[in-house]
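Asker: Would you mind keeping the following structure in view while I ask a few things?
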Amino acid sequence: MEQIDIFWAAGWFIAGLIVFQTKGQSKKLLSILSFFFSGVSILSLFRNGTSIDEVITYIGIGKITGIFTTLFYLIGANISRYNQFGEMSPRIFLYLILILVLWIVLDLMFTIFGI
């Protein structure tokens with residue numbers, strides 16, 4: 001896993017923590033930034049002469065890391081919900097398990113494909 005993935009996971013977690021206080025504005029802003037940087041990343045692959053096979057692999061891995069960062073957002077949102085309303089969702093444990101599984105899958109993909 002790359003440092004930028006950890007950066008986006010932390011950003012989405014923070015957005016989740018403040019989601020109930022800002023009425024979704026932070027999520028919209030982070031979505032726009034994430035979409036912009038994803039587009040720039042894909043365009044830079046073409047500029048560097050990357051083959052189409054590698055681009056498709058990067059897009060596939062990008063979708064998986066998107067799931068990974070969304071889980072961090074959901075954990076942050078559930079913590080925020082607990083702080084605001086005093087009720088903890090048991091789904092937070094499911095999200096933590098999914099993060100661990102995805103982390104292992106991503107590490108294996110990066111190791112196997114050498115990305």
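Every read-out reported here was derived from the displayed coordinates using simple, explicitly stated rules and does not represent laboratory data. Please read all numbers here as calculations on a predicted model, not as lab measurements. Using ideal geometry, Cβ is built from the backbone for each residue, glycine included, and neighbour counts are taken over all protein chains shown.
Asker: Pull up all non-local amide H partners of residue 88: gap of 5 or more, or a different chain, and H-to-H distance under 5 Å with H placed in the peptide plane.
Answerer: none
Asker: What does the helix-only formula give at 222 nm for the chain: each DSSP H stretch with n ≥ 4 adding -39500 (n - 2.57), the total divided by the residues, and the result rounded to the nearest 500 deg cm²/dmol?
Answerer: -29500 deg cm²/dmol
Asker: In what order do 8, 103 fall by count of nearby beta-carbon atoms within 10 Å, going from fewest to most?
Answerer: The fewest-first ordering by Cβ neighbours comes to 103, 8.
Asker: Could you tally the net charge around residue 81, taking each other residue with its Cβ under 11 Å from the Cβ of residue 81, Lys/Arg +1 and Asp/Glu -1?
Answerer: 0
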